[in-house]
1. Have a look at region A:161-176 and report residues whose accessible surface goes down by 30 Å² or more when the remaining protein chains are included, against the chain on its own, probe 1.4 Å, ligands and DNA/RNA excluded.
2. Which cross-chain or sequence-distant (5 or more) residues have an amide H under 5 Å from the amide H of A:ARG193, H modelled 1.01 Å from N in plane?
3. From the gyration tensor of the Cα coordinates in region A:102-240, what semi-axes in whole Å does the equivalent ellipsoid have, largest first, with each one equal to sqrt(5λ)?
4. Mind ranking A:401-408, A:70-77 by how tightly packed they are, going by the mean number of other C-beta atoms within 10 angstrom, highest first?
5. Calculate log10 I(q)/I(0) of region A:288-368 for q = 0.13, 0.19, 0.23 Å⁻¹, where I(q) comes from the Debye formula with a single equal point scatterer on each Cα and nothing for solvent.
6. Per residue, what volume in Å³ does the convex hull of the Cα atoms of region A:66-134 enclose?
7. FRET efficiency for A:LEU22 and B:TRP120, Cβ-Cβ distance as r, R0 = 51 Å, nearest 0.05?
8. Taking θ = phi - 60°, what integer Hz values does the Karplus form 6.51 cos²θ - 1.76 cosθ + 1.60 yield along region A:140-147, in sequence order, with x for Gly and Pro?
Amino acid sequence: MLASWQGILHGLGIALLPASLLYTLAGVFIGTMISHLPGIGPSAGIALLLPVTFGMDPAPALMMLAGIYYGCMYGGAVTAILINTPGDAAAVMTVLDGYPLARKGRAGAALAIAAVSSFIAGTLGVTALTFVAMPLAEFALKFGPPEYFALMLFALTTVSTLTGDSLAKGMISVFLGLAISTIGIDLQSGRPRFTMGVPELQQGVTFLVVVVGLFALSEVGRMVEDTLRGTLQIVRVRGRVWFTREEWRRAFPAILRGTGVGFFCGAAPGLGGTISAMLAYVAEKRVSRHPEEFGQGAIEGVAAPEAAVNADTCGAFVHLLALGIPASGSTAVIMGAFIMYGIQPGPMLFQTHPDLVWGLIASMYVGNLMLLVLNLPLVGLFARILYVPPGILLVIILGIASVGVYSFEGSVFNLYIALLFGVVGYVFRKLDIPKAPLIFGVILGGRIEQSFRQSLTLSGGDPRILVGSPLAAGLLALAAVMVVLSFWAKRKAAATLARGEAGADRTA
Amino acid sequence: MGDVVLGVGVIMGAAVYLYADANLPALQNGGPMGPQAFPALIGIGLLVSGLLLFGETWRRRRAAAVAVPADPIERQSRRILAAMTAWTALYYFAFERAGYVVATVVYMFALLAFFNRGRWWVNAACAAGFTLAAYLLFTAFLQVALPRGILDF
């Protein structure tokens, strides 16, 4: 506890340096802008900006990338409220009540509640992160290769079973990611694997190239469809961006409940912001005295999911910083940034890079304050981004993605690989295959194989070492339970659908 | 239909991956199980996933056999995206040969001419403005060399 206090005070000293403030402001500003572009989520935004930060000092670069992440989450509500389209997937629940509120002339109140909820949840979430991350990192120092193998397998299982509607598709995505991670020279034997005789593949497939293709380039497909389908209905903000006392009285408890739900969901690998928002919304509807208002413009329906999404962001950083395991697609991309700068996130981070880790956490307090300013008085200004024709935006995204990928290693080959992953991302979207498990597989593949082989080296090839410790056995058992539960839940859903169809047929 | 094709593709891909893994040279210095063991587990995982997808597809078909009508916008967007992919591949081919500035201005202007029709001056300004801003950002600020191509004088 005392070490955390000392750490955060030290971090505040770093986060308040002019350069840190500038990069944090740049991050939250860019994140807010990206959140106003329907369809472009935080993963795509971070992926697009990642090449620009290469060569920068890691600490301010990571402050900026983290700022983009929580800035995106903060501002995702604006498009949800004004154009009935979530700025990112996590804002999907905000649409349900935010847009009806805007249609009733309460757009200003909905935007203000979303901003204040995000600020409170973000600040409480960072406080929890401050005091949870270090003890967890100290505990994780006791992990050996078998425990790490089990933990990473658990993370991969969670993300593949909980994202998307199909267990098989989640598994295909994660195994494809793991297969991509095996391309290149094997570090232990020094032999190339699966390079198909292409010299450029000997170094492996660059993570950044996969991310830009899968998240940024593939989103262009969605934008082309939006352009062809015509313009979106935009509700203009009229009057003051603030709420009434009654609205605040109803929203405040929802914010606190949403924060709790969000932080715990964020700290569980694989759940992500969308699930936290859904759980917070459902929980809020259950406890509300006016459940009939949900979906018609209930202020709690904006406050709870917005709080959950922002607290989830902080929870996701607990895993990333303390264990070196991403908790969502976006944190997987940020983890890629850590690795790109030559820094391995995980329990040793607090000892090897205390300035960076505490500076990063402290910058989140500052960034949250900046976002409150950006999202309250300046919300009308940012909303103007919505009027930029999508035809121009998609061409600019292609331009940024291309120059970014090339600049990373000065390689045209990487551009072709990014284009290939852009096509893969488009196919994934059309076939409802989740992208996050693939990114998890790519980012964790090398480390999970290393832990697997180290464990077997320690035991002289005896695989029982993988379940030798209670922690490793427990995590593997949990992973198995996740698969069985997911299989059962999806089977039940299919049976329910069949009964529904049969009932509908009889009625017809 | 899409899921069946996906399942077949995954199983075939897994078979190719496992075949390539089995043909990796066996080594003594790659740990007790060598560099083949982990990829073998991945290949088996992919095979199982493909088979599981067949199971899920079969169950869903029994549950609901609702034909989704073809979306004309979807078909049109597919044609546009195929053309954009080919145009982007051509742009990447010209990236070093023609140089970043020339290739990017031509690439962006052509796309803008299609997606933002009729606004020639705005499109030209966007294509040239973006390209020059990106060139200056990367070469002057980030110290990254971008190819000059035919403008290398």
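The values are calculated or read from the model by the stated rules, or taken from the named source; none is laboratory data. Note that the structure is a prediction, hence the values are computed from the model and not measured. Quick reminder, even Gly has a Cβ in these numbers, built from the backbone with ideal geometry, and neighbours come from all protein chains shown. Ligands, DNA and RNA are stripped out before the accessible areas are found, and what is left, the full protein with its side chains, is counted by its heavy atoms. Shrake-Rupley method; radii C 1.70, N 1.55, O 1.52, S 1.80 Å.
1. Output list: A:ALA168, A:LYS169, A:MET171, A:ILE172, A:PHE175.
2. The list, which skips near neighbours in sequence, is A:GLY184, A:ILE185, A:ASP186.
3. Each semi-axis is the square root of five times an eigenvalue, giving 40, 28, 15 Å.
4. A:70-77, A:401-408
5. Evaluating at q = 0.13, 0.19, 0.23 Å⁻¹ gives log10 I(q)/I(0) of -0.52, -0.82, -1.08.
6. In region A:66-134, the Cα hull volume divided by residue count equals 78 Å³.
7. 0.85
8. Running phi through 6.51 cos²θ - 1.76 cosθ + 1.60 with θ = phi - 60° gives 5, 4, 7, 5, x, x, x, 5 Hz.
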